[in-house]
Amino acid sequence: MANVTVIGAQWGDEGKGKVIDWLANRADVVVRFQGGNNAGHTIVVGNKTYKLSLLPSGVIQGKLSIIGNGVVVDPWSLLDEITRAQGQGLGINPDNLILAENATLVLPLHRDLDGAREARAGAGKIGTTGRGIGPAYEDKVGRRAIRFADLADPEALEVKIERLLAHHGALRAGLGLPEARPDEILAQLQELAPKILPYVKPAWRILGDAIKAGQRVLFEGAQATLLDVDHGTYPYVTSSNTVAGQAAAGAGVGPTAGGYVLGILKAYTTRVGEGPFPTELNDETGRLLGERGHEFGTVTGRPRRCGWFDAVLVRQSIAVGGVQGAVLTKLDILDGFETLKVCVGYRLRGETIDYLPAGLRDQAAIEPIYEEMEGWSESTRGARSWKDLPANAIKYVRRIEELIGAPAVLLSTSPDRDDIIMMLDPFQG
Ligand code: GDP
Ligand code: IMO
Ligand code: MG
């Protein structure tokens, strides 16, 4: 039985949440494998709008949802999100939500550090979501993080807090932050423990048993390839690997368990935060894309930067992410544009190149080479079948498939769950 791994193929906010919610109907288990509450997904089901951040997008369909070991979890934020979701009628409980016992906690001191560093960096800031994600991952690889399992062992917790503060004490002093008190952190975590521990389990085993029993698993990626800490526009990236290869390590399964790799792409390009963006439009067209696409960050409310579709970047994302099929979202936002442009190559200091170089200065210096296409005046919003699409919209999709080297297997034409055109069922792919 096939599983599916969903990843973003641009700079995030491609509509992964909507697609995962829709696909969850065909799955038994949905598991997050990286990122944290820097992710934000808006999912519209009829007249209800759900905003999810840490909860796997399978919770809306009531599927078994797992937050894997590769995720960094702000437990207070998670509890708030659970309460909010329950208030919207979602039945979330320790039977259908599982937290990996070896997942890392994001603590208030991580947020402090994220905020203080960004403030100090001034114009050189990354433009993070301010959720403490980077500092939490640093502590994880620095082998001083607090993990869920530690909450069950108060004595070990005390020692771990000391070890953590040995590192953070110096950092905080250097940044002019007030001293972090070990007794306060211990008290906060002890207060938290009884609320969170019922969800904490060996997720790897539950997932492994589900796979053995032939259940279908949907691996849910957050962020996207161009924000990947290795493959993205470093250092303007997030602090985790976002590519499909991370699904196995971040969920605790083998490398072949991820199954079919589905890359989500917006029919144009957006980015929140700082960093290179070759096809960015600082003009009326960019403004129009943002306005029509409601391009404001779900997490921070910041306006997203907008530009034309960059086929060079997506082709590279597809290659490094092992993407087998693409989902093109927000096609409807392009309705009514007389002409559309697609970036098909770059010019760098007089030479033509067909990939994104890794050097930051090169990334900032490249100029896009565009191909123009005729737009369409008809509405595609809410289209649910290929035959409802205008000829020029079909041409646009076909050209993108050619340029990125992967077939479009699904198309999304509105925020609503059911407005999807399926060419191929990824679970059968
Ligand atoms: P994610 O982080 O990848 O899950 O994406 P976000 O939820 O942050 O951002 C995508 C936004 O686009 C959300 O507000 C969705 O409701 C919306 N959306 C998703 N698919 C479509 C679509 O096909 N058309 C339109 N107009 N909006 C969409
Ligand atoms: P979803 O899952 C878009 C961006 C931030 C910043 C950079 C680093 O909704 O697609 P971080 O807080 O992770 O250290 O910030 O990454 N970023 C996202 N941009 N969508 C996201 O998630 C993002 N998560 C992080 O804006 O540029
Ligand atoms: Mg988002």
Which of these, 242, 329, 285, has the largest mean-square fluctuation under a Gaussian network model of the chain (Cα springs below 10 Å)? 285
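I need the calculated FRET efficiency for the pair residue 205 and residue 398, taking r as the beta carbon distance and R₀ as 56 Å, to the nearest 0.05.
Details: r = 45 Å, r/R0 = 0.80.
Efficiency at R0 = 56 Å is approximately 0.80.
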Computed Kirkwood radius, in angstrom, where 1/r is averaged over Cα pairs of segment 249-372: 16.1
Probe 1.4 Å, all protein chains in place: accessible area of residue 423 in Å², nearest 10? 80
Over segment 104-196, relative contact order from alpha-carbon pairs under 8 Å, at least 6 apart, %: 27
Find how many whole Å separate the alpha carbon centroid of segment 160-188 from the alpha carbon centroid of segment 245-321. 35
Residue order for 16, 51 - accessible surface, 1.4 angstrom probe, largest first: 51, 16
On average, how much accessible surface per residue is there in segment 265-428, in Å², for a 1.4 Å probe, leaving out ligands, DNA and RNA? 44
What spacing in nm lies between the two simple spin-label points modelled at residue 287 and residue 149, each 7 Å away from Cα in the Cβ direction? 5.6
Step through the residues of segment 286-297 one at a time and calculate ³J(HN,Hα) from phi using the Karplus curve (6.51 cos²θ - 1.76 cosθ + 1.60, θ = phi - 60°), rounding each to whole Hz and writing x for Gly and Pro. x, 5, 5, 4, x, 5, 5, x, 6, 7, 10, x
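Roughly speaking, what is the stretch gain from residue 195 to residue 120, that is 0.36 nm per residue apart minus the C-alpha to C-alpha distance, in nm to one decimal?
On the way: separation 75, 0.36 × 75 = 27.00 nm, distance 3.57 nm.
Value of the extension gain: 23.4 nm.
Using a Förster radius of 60 Å, what is the FRET efficiency between residue 51 and residue 349 based on their Cβ-Cβ separation? Nearest 0.05, please. Before the final figure, lay out the partial values.
On the way: r = 44 Å, r/R0 = 0.73.
Taking R0 as 60 Å, the efficiency between residue 51 and residue 349 is 0.85.
Determine the relative contact order of segment 236-349: mean sequence separation of Cα pairs under 8 Å and six or more apart, normalised by residue count, in whole percent.
Values: 144 pairs, mean separation 36.3, N = 114.
Taking the mean separation of contacting Cα pairs over the length of segment 236-349, I get 32 percent.
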To the nearest 20 debye, segment 170-215 has a Cα-centred charge dipole, built from +1 on Lys and Arg Cβ and -1 on Asp and Glu Cβ, of 300
Considering only 251, 383, 222, give the residue with the highest GNM mean-square fluctuation for the chain, with springs between Cα atoms whenever their separation is below 10 Å. 383
Relative to the compact globular guide of 2.2 N^0.38 Å, what is the alpha carbon radius of gyration of segment 174-232, as a ratio? 1.86
May I ask what percent, to the nearest 5, of DSSP beta bridges between residues of the chain are antiparallel? 40
Helix-only [θ]222 nm of the chain, DSSP H runs n ≥ 4, -39500 (n - 2.57) each, per residue, nearest 500: -10000 deg cm²/dmol
From largest accessible area down, sort 197, 313; use a 1.4 Å probe on the protein chains. 197, 313
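Using a probe of 1.4 angstrom, how much of the accessible area of the chain is carbon and sulfur, in percent?
Roughly 50 percent of what the probe reaches on the chain is carbon or sulfur.
Would you work out the relative contact order for the chain, in percent, from Cα pairs under 8 angstrom that are 6 or more residues apart? Present the calculation step by step, with values, prior to reporting the outcome.
On the way: 961 pairs, mean separation 87.2, N = 429.
Value for the chain: 20 percent.
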List the residues, sorted by chain then number, that are 5 or more residues from residue 8 or on another chain and whose placed amide H is less than 5 Å from its amide H. 225, 264
Can you compute the charge dipole magnitude of the chain about its Cα centre, using +1 on each Lys and Arg Cβ and -1 on each Asp and Glu Cβ, nothing else charged? Give it in debye, rounded to the nearest 20. 340
Mind checking which lysines have their C-alpha under 30 Å from residue 125, skipping anything on the same chain fewer than 8 residues away? 16, 51, 140, 266, 330
Rank 393, 180, 311 by mean-square fluctuation in a GNM of the chain with C-alpha springs under 10 angstrom and give only the top-ranked residue. 180
Size of the chain as Cα extents on the principal axes (Å, biggest first): 66, 50, 38
Heavy-atom accessible area of residue 296, protein chains in place, probe 1.4 angstrom, given in Å² to nearest 10, is 120
Helix 391-404 against the longest principal axis of the chain: what's the angle in degrees, Cα atoms only, rounded to the nearest 10? 60
Quick check: residue separation of residue 175 and residue 369 times 0.36 nm, minus the Cα distance between them. What number comes out in nm? 65.5 nm
Helix 182-196 versus the longest principal axis of the chain: what angle, 0 to 90°, nearest 10, using Cα atoms? 70
With every protein chain present, what accessible area does residue 101 have (1.4 Å probe, heavy atoms only), rounded to the nearest 10 Å²? 70
When the solvent-accessible surface of protein heavy atoms is calculated with a 1.4 angstrom probe, in what order do 185, 126 fall, highest first? 126, 185
Equivalent ellipsoid semi-axes, segment 355-411, via Cα gyration tensor eigenvalues times 5, rooted, Å: 31, 14, 10
If each of residue 95 and residue 381 carries a label point 7 Å out from its Cα toward its Cβ, how far apart are those two points in nm? 4.1
Projecting the Cα atoms of 321, 359, 405 onto the charge dipole of segment 319-406, where Lys and Arg contribute +1 and Asp and Glu -1 at Cβ, the residue farthest towards the positive end is 321
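Give, in nm to one decimal, the length gained when the segment between residue 296 and residue 158 is fully stretched (0.36 nm per residue of separation minus the Cα-Cα distance). Show your work: numbers first, answer last.
On the way: separation 138, 0.36 × 138 = 49.68 nm, distance 4.10 nm.
Contour length minus Cα-Cα distance gives 45.6 nm.
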One finds the C-alpha centres of segment 48-73 and segment 354-414 to be spaced, in Å, by 29
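The values are calculated or read from the model by the stated rules, or taken from the named source; none is laboratory data. Because the structure is a prediction, the values reported are computed rather than measured. So basically every Cβ, Gly included, is an ideal-geometry build from the backbone, and we count neighbours across all protein chains shown. Just the protein is used for accessible areas: all its heavy atoms, side chains included, with ligands, DNA and RNA removed. Shrake-Rupley method; radii C 1.70, N 1.55, O 1.52, S 1.80 Å.
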